[in-house]
Structures are given as structure tokens and as C-alpha cells.
Amino acid sequence: MQQSTSQADALLNRIDAAAMLASVQQWCAINTGTANLDGLAKQAGELADAFSALPGEVSLIDPAEVTAINSDGSEFSKPHGQHLVLRVRPRANRRILLTGHMDTVFPVDHAFQNQTWLKDDVLNGPGVADMKGGIAVMLHALMAFEDSEHAQALGYDVLLNSDEETGSLASSTLIAEMARGKIAALTYEPAALPDGTLAHARGGTGNYSIIFSGKSAHAGRNPHEGRNAIVAAADLILRIKAMESDDLTVNPAKLEGGSANNVVPDHAVVRFNIRPKSTEAMQSFDDRLNDLIREIGTAHDVGLHRHGGVTRPPKPVDDNAQRLFDLVKECGAQLGQTIGWQSTGGVCDGNNIAACGVPVVDTMGVRGGAIHSPDEFLIVPSMAERAALSALVLTRIAAGEMN
């Protein structure tokens, strides 16, 4: 069932572009680096007030426990901010999920804190595109959708997490719980390109820390009694790098450990990232890594401990997901927007949602660019454009086009 042009125009007319811009500028004035718990708490409060304009119950959910590894190999707990959840018509037969994140990559002491107009319609600032602009798109799309005749036919959950930029480890279980039973999902990362191109299939990612425990000894008097953790770590680095293929890249990122030059090092930590393009490549690497840990431990007579793993599985696009992409493209055409897509090596919460078997389009946010840098920018007219696009997609899903 397709919306008429007049119905699409009615949705577009409900979008308040000035209110969207005001919200984005207000939200971007709050530093929400993932580790800035005070800033995230303030942001969560403002978002709770904003999303209370929608029918349903807003709640703040405590983060799951997350641990990391110090340079000395010890494990420590990493605190995170609360996540915002909104549930609308939870008993509806047909329900979808909408997700976004309130954190940014800019810590509280980063130099990039202010907003600057680059042109009359281009705003530079921390989080303007990634993704406080996207949160505004989501909110105003839902407000417009709630005024449509089909709104009562569709229920939805909204999740705005506080840790997407560091892998969503404190919210991954919540994402999976909220994805369960949904017929589709929309995520509001910025468009893959400034022209509005969507991200299609995505690779996956994993972050690992391997801790090596050797035995110290004097490098001149009795080196044979030592067990060199650095040498064992170097062996692992070379072996995992040799595992690269067309479907997998490995990036050894950091080697920590050792002490004085005349001491056999008894400690090391290797940190690395993988980017698998397929689930098979992901699983094959993980299995082989476990074998390597045993082999290297035996060969060098050192202890090895593994921390971490795949945080976001690869996101292929199956037939159901393609139907959702096609629907977004049709809605764009109806609004005079040309919607295309391309595969990308980047990752986001869309990976986690797709791993639950739910069709997802994860770049429904604003047009902009240079994210994760002080040059980040938002093309301001795109907020209303993309809000109208989402509102129309929601209306057509509510009318029965994604069963």
C-alpha cells in the first residue's frame, strides 16, 4: 500500500525544522564523551523530556558491567552512563525498534566543544551529525507519524544508548532484548555519504587484549632462566597478522610491557582489532586464536590470558533486509529524494540488531560528514528531509508493508 503524494506532503508539513535545529544546538552544547558520566546524565535528562512528547513510558536503564585491561594486565571495571528507553504500544501485534546513541567520541577535555556555522545551512560541531542530529530526526519523525491515521496499528521501542562509540558493550544485551520480536529496525547513524547514501552490508569488528605472563631474570647472568613475555607477544603478533585474508584484516595496535634493558621481561599486553567481512571469517579467526594461545604458551613457556572478542558481528543484507532498503528507497522517491546504498567496513548498532535476525537500515540520520573529527558537519536542511523520510517509512510499515 503506497501513500498518496498528498499524504506524503501532509507528513512533511508536520516537520518543525526550526525546532529540530534548536534541539540539536542545545544537545551539542553538552559534552557527552562516552566517559563523561555527568554530561551523559544531563543529556539523558534532556532527551527524556523531549521524548516524553510521544505516547508511552520513558525510562533510564542502568548499563551492564564492562571490564577492560590495564597496561599491567589487571582487569578493571569501566563505568558507563544510563541508556534511555521508550516503549510505545507494547501490546501491538506489529512492533519495530528505533535506535540511536547519545555519546560522542569527544572527551570532556577535547578542544572541539563549540559550534560554528560554515555556511548558512552547514553547521560544524561535536555530535551534530553523529548523532544528535539523528536523534532529532528520529524524534520528529515519530511525532509526525503519531499524527497519521495508521499510527495505532504499529508499536515501537526507542533505545538511545550511552556507549555506542566504544562498542556498545554496556548495552549489547539490552539491544538484543529490545530487538527480539521486532519486524524491522531503523538506526539513526548519519548517512554514509553527504548525498544521503545509506550503508548497506557491513563488516564486523572485534577488539582483543592478550596478557602474557613470563618470568624475569638478569639479561646477562642467567637469561636462560627467564621466560620472555615480549618475545612471546611478538610471536603472536606475527602469527595473527599472517592470518589476514580477503575476508579478514587484523590490526595489531599496541604492545605494552617490559622494564629495564637488562631484565628479561615477565609481562606484556598485546591489543589488536579484527575486521571480518563474513561470519565464517569471524568464527575461523576466533577458533584459530584459541589454538595459537595454547601453542605459544607451550612454545615459550609463558602464561596467556585472553580478554575481549568480537563486539559486532558482520551484517549481511538478506532478502528481508533488502525489502526494507527497497521500501526506504520508494519512500524517498515519493518525497523527491534519491536514495542509494553501498557496503562499508564501518560498524554500528545495526550490526548487533541484524545479528538478532531483524531487518535494519542503520543510516537513517542526517546528511553530513567528517564525523569523529573537529571538522564534523551537519547539512541542516537534511534534518527535515530525513525526518519526513522516516515518517513515511513508518507509515507504510504501519499500513502493512513489512510483515
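The values are calculated or read from the model by the stated rules, or taken from the named source; none is laboratory data. None of the values given here were measured: they were computed from a predicted structure. Every residue, glycine as well, gets a Cβ built from its backbone with ideal geometry; the counts of neighbours run over all protein chains shown. Areas reflect the complete protein model, heavy atoms only, side chains present, ligands, DNA and RNA absent. Shrake-Rupley method; radii C 1.70, N 1.55, O 1.52, S 1.80 Å.
Hey, with R₀ at 22 Å, roughly what FRET efficiency would Arg294 and Ala234 work out to, going by the Cβ-Cβ distance, to 0.05?
After rounding, the FRET efficiency stands at 0.80.
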Q) Mind checking the angle between helix 132-146 and the chain's longest principal axis? C-alpha axes, 0 to 90 degrees, to the nearest 10. A) 40
Q. For Thr338 and Gln152, FRET efficiency with R0 = 56 Å and r from the beta-carbon atoms, rounded to 0.05?
A. 0.95
Q. Pairing the Cα long axis of helix 279-300 with the longest principal axis of the chain, what angle in degrees results, from 0 to 90 and rounded to the nearest 10?
A. 20
Q.
7 Å from Cα along Cα→Cβ at both Asn403 and Ala92: what's the point-to-point distance in nm?
A. 1.7
Q. What angle do you read, to the nearest 10 degrees and between 0 and 90, between the alpha-carbon axis of helix 37-51 and the longest principal axis of the chain?
A. 20
**Q.** Label-point separation, Asp286 to Ala19 (7 Å along Cα→Cβ), nm
**A.** 4.4
Q) Most mobile of Ala64, Ala141, Ala234 per a Gaussian network model of the chain (Cα springs, under 10 Å)? A) Ala234
**Q.** Quotient of C-alpha Rg and 2.2 N^0.38 Å, computed over segment 1-142
**A.** 1.25
Q) To the nearest 10 Å², what's Trp117's accessible area with a 1.4 Å probe? A) 120
Q) Rounded to the nearest 0.05, what FRET efficiency is calculated for Asn251 and Ala201 with R0 set to 22 Å and r the Cβ-Cβ distance? A) 0.60
Q. What is the spin-label model distance, in nm, from Asp375 to Asp38 if the labels are put 7 Å beyond Cα along the C-beta direction?
A. 3.3
**Q.** Computed lengthening from Ala260 to Lys241, 0.36 nm per intervening residue step minus Cα-Cα distance
**A.** 4.1 nm
Q | the chain - mean residue ellipticity at 222 nm from DSSP helices (-39,500 (n - 2.57) per run, n ≥ 4, rounded to 500) | A | -10500 deg cm²/dmol
Q. Where both residues lie in the chain, what percent of DSSP beta bridges are antiparallel, nearest 5?
A. 75
Q: Would you list, by chain and number, the lysines whose Cα falls below 27 Å from the Cα of Lys42, excluding same-chain residues fewer than 8 positions away?
A: Lys78, Lys132
Q. Can you give the Rg and Dmax of the chain based on its C-alpha atoms, in angstrom?
A. 23.6, 87
Q. Between Ala35, Ala192, Ala242, which gets the highest mean-square fluctuation from a Gaussian network model of the chain, Cα cutoff 10 Å?
A. Ala242
**Q.** Theoretical gain in end-to-end length, Asp301 to Asp318 [0.36 nm per residue, Cα-Cα removed]
**A.** 1.5 nm
Q) If the viscosity is 0.890 mPa s and the temperature 25 °C, what translational diffusion coefficient in µm²/s does Stokes-Einstein give for segment 252-321 when Rh comes from Kirkwood over Cα pairs? A) 166
